[in-house]
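**Q** Next up is a structure, given as structure tokens.
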Amino acid sequence: MANQDFLNEINKRRTFAIISHPDAGKTTITEKVLLHGQKLQKAGTVKGKKSGQHAKSDWMEMEKERGISVTTSVMQFPYRNDLVNLLDTPGHEDFSEDTYRTLTAVDSCLMVIDGAKGVEDRTIKLMEVTRLRDTPILTFMNKLDRDIRDPFELLDEVEDVLKIMCAPITWPIGSGKNFKGVYHLQRDETILYKTGQGHRIQELDVIAGIDNPELDKRIGSWADELREQIELVRGASNEFDLEMFLAGELTPVFFGTALGNFGVDHMLDGLVDWAPRPLARATDTGEAVESATPEFSGFVFKIQANMDPKHRDRVAFMRIVSGKYEKGMKMKHVRTGKDVRIADALTFLAGDRAHVEEAYPGDIIGLHNHGTIQIGDTFTAGSDFKFSGIPNFAPELFRRIRLKDPLKQKQLLKGLVQLSEEGAVQVFRPLISNDLIVGAVGVLQFDVVVHRLKSEYNVDAIYENIQVATARWVYSDDAKKLDEFRRKTEHNLALDGGDNLTYIAPTMANLSLTQERYPDVQFEHTREH
Ligand code: G4P
């Protein structure tokens with residue numbers, strides 16, 4: 001029996017990530033969320049895109065102390081009586097497989113949408129990934145301080161394009177210059193918007209009841225318009241349903257402005273009230289591990305090279321699935337079969353660092369890694385199972401990589417295989433040539449690889465374009481059919497960094513033709529570690 005303190009710690013935790021299209025406001029909402037967690041006295045810049053510098057904040061000191069950029073990876077903060085873990089997903093150009101895999105380590109996601117733009121393509125892609133595990137999604141319609149599209153139209157678009165039902169929790173009153181605030185459908189309250197409050201926790205200006213004459217006094221004719229709209233909303237849109245939310249079928253929608261720090265608290269309330277407590281994770285034995293299981297277990301979903309070039313080590317980010325982490329504890333590294341003592345894991349916990357030498361299901365810890373830990377690795381208290389569901393995704397961009405000095409072929413291959421074990425990129429070796437093909441999900445990964453090959457492996461490499469549209473991992477239950485496939489399509493086959501057979505398709509048309517021709521062969525878009 002797990003003890004009550006342990007269960008309380010688990011029940012307090014919510015672990016989520018933000019998915020959005022670049023510029024929708026992920027960074028800004030992260031700042032405000034931290035402000036609400038009162039982690040930062042004043043919301044600083046989380047990553048300071050323009051100046052390229054981090055804000056001078058508590059985080060800076062932590063970064064210095066730990067010699068690694070933790071700011072953008074994992075943030076824990078208290079909200080009400082709970083503890084929230086926010087896992088950053090790299091945005092912008094550095095979009096990569098890391099982004100995808102981070103989504104396997106959370107229990108819910110916040111989707112941020114720019115209210116003027118609606119659903120954009122990166123959001124569509126990220127939503128596809130959350131579907132693999134039916135992750136519950138909360139939605140924040142952002143930038144209400146600008147003129148946004150008709151809210152009904154925005155909800156329709158989310159429903160049509162993302163195939164998820166919308167249940168508005170708040171409803172906007174005007175937008176842009178006329179943004180008056182939001183009406184909370186569940187609380188029957190209107191919360192009025194004040195400008196210039198972006199950097200502090202606001203004193204809320206709340207009017208109870210939609211028929212309250214005070215509302216007419218304060219917002220004039222907008223009050224009647226609101227009443228009409230709410231009647232429509234109550235008639236035409238879905239009511240919030242917890243079960244459907246937890247099944248990933250329905251998303252509660254909040255309206256607000258991240259920049260104005262307005263509406264973010266409604267979203268956080270929703271997160272804390274409804275988002276799942278640390279969930280079980282599937283294993284290769286067919287049995288899932290529940291978070292309340294007392295024995296420790298966790299899996300690695302991301303490996304990050306140290307930002308500080310003086311430290312060559314890397315940090316492996318582990319999501320704790322069950323049990324409790326304590327400083328100095330022993331764990332079994334299942335893939336290598338070895339017991340390791342973890343004395344100096346990085347913790348990302350809110351509060352005083354002196355007290356944070358333990359971590360619970362839903363938390364993330366960082367393990368120092370000198371090359372022995374790979375993405376997807378499982379750690380346990382001694383059992384031999386492995387967590388499943390931490391996939392590789394078929395890359396979408398491909399380049400041939402060549403050496404400036406041909407004598408360094410061995411180092412190049414070693415470097416590429418290690419970088420692919422980290423999950424930075426994938427490497428493919430065609431069966432019939434000595435080429436090396438690098439595949440990535442985001443274009444920035446190519447530069448990162450060349451840079452790291454130079455600094456860590458002393459190899460000068462350059463890229464050449466190559467005609468590849470996509471890659472698929474291939475399998476078949478029928479050994480004879482697979483053999484025939486292998487002989488006939490040899491010129492398009494390659495082995496990846498883990499020696500798995502991969503079909504490299506020059507065009508999408510070629511892929512569909514080949515799939516038609518070999519119905520007994522499976523072409524997989526993802527591969528489990
Ligand atoms: P991202 O991480 O998703 O890429 O978005 P980020 O938060 O950096 O926001 C992108 C831009 O949108 C930022 O402007 C930010 O200030 C702005 N923004 C975010 N939330 C709101 C909002 O609620 N209202 C308004 N009006 N703007 C918002 P920026 O990069 O400084 O560029 P600029 O627009 O100031 O030129």
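**Q** Could you pull out the residue among D269, D265 that is over 20 Å from D156 (Cα atoms) and in contact with a His (Cβ under 9 Å, 6 or more places away or on another chain)?
**A** Working: D269 fails: in contact with a His (Cβ under 9 Å, 6 or more places away or on another chain).
Testing whether each residue is over 20 Å from D156 (Cα atoms) and in contact with a His (Cβ under 9 Å, 6 or more places away or on another chain) leaves just D265.
**Q** Ok, one more. Quickly run through the stretch 396-423 and pick out the residues that are modelled with pLDDT of 85 or more and part of a loop (DSSP other than H, G, I, E, B).
**A** Within the stretch 396-423, just K404 meets the criteria.
**Q** Turning to a different aspect of this structure: Could you name every one of the strands (runs of 3 or more DSSP E) located completely within the stretch 240-348 that has at least 1 residues being modelled with pLDDT under 90? Show your work before the answer.
**A** Details: elements: 250-255, 297-305, 314-322, 329-333, 338-342.
In the stretch 240-348, the matching strands (runs of 3 or more DSSP E) lie at 297-305, 314-322, 338-342.
**Q** Can you find even one residue in the stretch 37-46 that is within 23 Å of the chain's Cα centre (by Cα), over 22 Å from Q197 (Cβ atoms), within 16 Å of the ligand (Cβ to nearest atom) and modelled with pLDDT under 85?
**A** no
**Q** In the stretch 436-491, which residues are part of a loop (DSSP other than H, G, I, E, B) and closer than 15 Å to A394 by Cα? Talk me through it step by step, then tell me what you get.
**A** Residues of the stretch 436-491 that are part of a loop (DSSP other than H, G, I, E, B), as a first pass: 436, 441-443, 458-460, 466-469, 476-478, 489.
Of everything in the stretch 436-491, those that are part of a loop (DSSP other than H, G, I, E, B) and closer than 15 Å to A394 by Cα turn out to be V441, G442, V443, V468, A469.
**Q** I'd like to verify a number: residues in the stretch 211-235 that are under 23 Å from E153 (Cα atoms) and surrounded by 11 or more Cβ atoms within 10 Å (Cβ to Cβ), how many?
**A** We begin by selecting, within the stretch 211-235, every residue under 23 Å from E153 (Cα atoms); these are 221-235.
Filter once more, keeping what is surrounded by 11 or more Cβ atoms within 10 Å (Cβ to Cβ): 222-227, 229-234.
Final tally of qualifying residues: 12.
**Q** Of these, I164, I124, which one is over 16 Å from W222 (Cβ atoms) and free of Cβ contacts under 8 Å to residues at least 40 places away in the same chain? Give the steps one after another, and end with the answer.
**A** Values: I164 fails: free of Cβ contacts under 8 Å to residues at least 40 places away in the same chain.
Of I164, I124, the one residue that is over 16 Å from W222 (Cβ atoms) and free of Cβ contacts under 8 Å to residues at least 40 places away in the same chain is I124.
**Q** Are any of the residues in the stretch 183-191 of a type in the set (S, T, Y), within 16 Å of V264 (Cβ to Cβ) and either assigned to a strand (DSSP E or B) or over 23 Å from the mean Cα position of the chain (by Cα) (or both)? So that I can check it myself, show each step before the final result.
**A** Let us first name the residues in the stretch 183-191 that are of a type in the set (S, T, Y), namely 183, 190.
Still in the running and within 16 Å of V264 (Cβ to Cβ): none.
The answer is no; no qualifying residue exists.
**Q** Given the residues V459, V450, V417, V427, which is the only one that is closer than 24 Å to Q374 by Cβ and either in contact with a Phe, Trp or Tyr (Cβ under 8 Å, 6 or more places away or on another chain) or not assigned by the TED database to the domain that holds N510 (or both)? Talk me through it step by step, then tell me what you get.
**A** Values: V459 fails: either in contact with a Phe, Trp or Tyr (Cβ under 8 Å, 6 or more places away or on another chain) or not assigned by the TED database to the domain that holds N510 (or both); V417 fails: either in contact with a Phe, Trp or Tyr (Cβ under 8 Å, 6 or more places away or on another chain) or not assigned by the TED database to the domain that holds N510 (or both); V427 fails: either in contact with a Phe, Trp or Tyr (Cβ under 8 Å, 6 or more places away or on another chain) or not assigned by the TED database to the domain that holds N510 (or both).
The match here is V450.
The values are calculated or read from the model by the stated rules, or taken from the named source; none is laboratory data. Not measured: the values here are computed from a predicted model. When we count neighbours, we look across all protein chains shown, and the Cβ atoms used for this are built from the backbone with ideal geometry, even at glycine.
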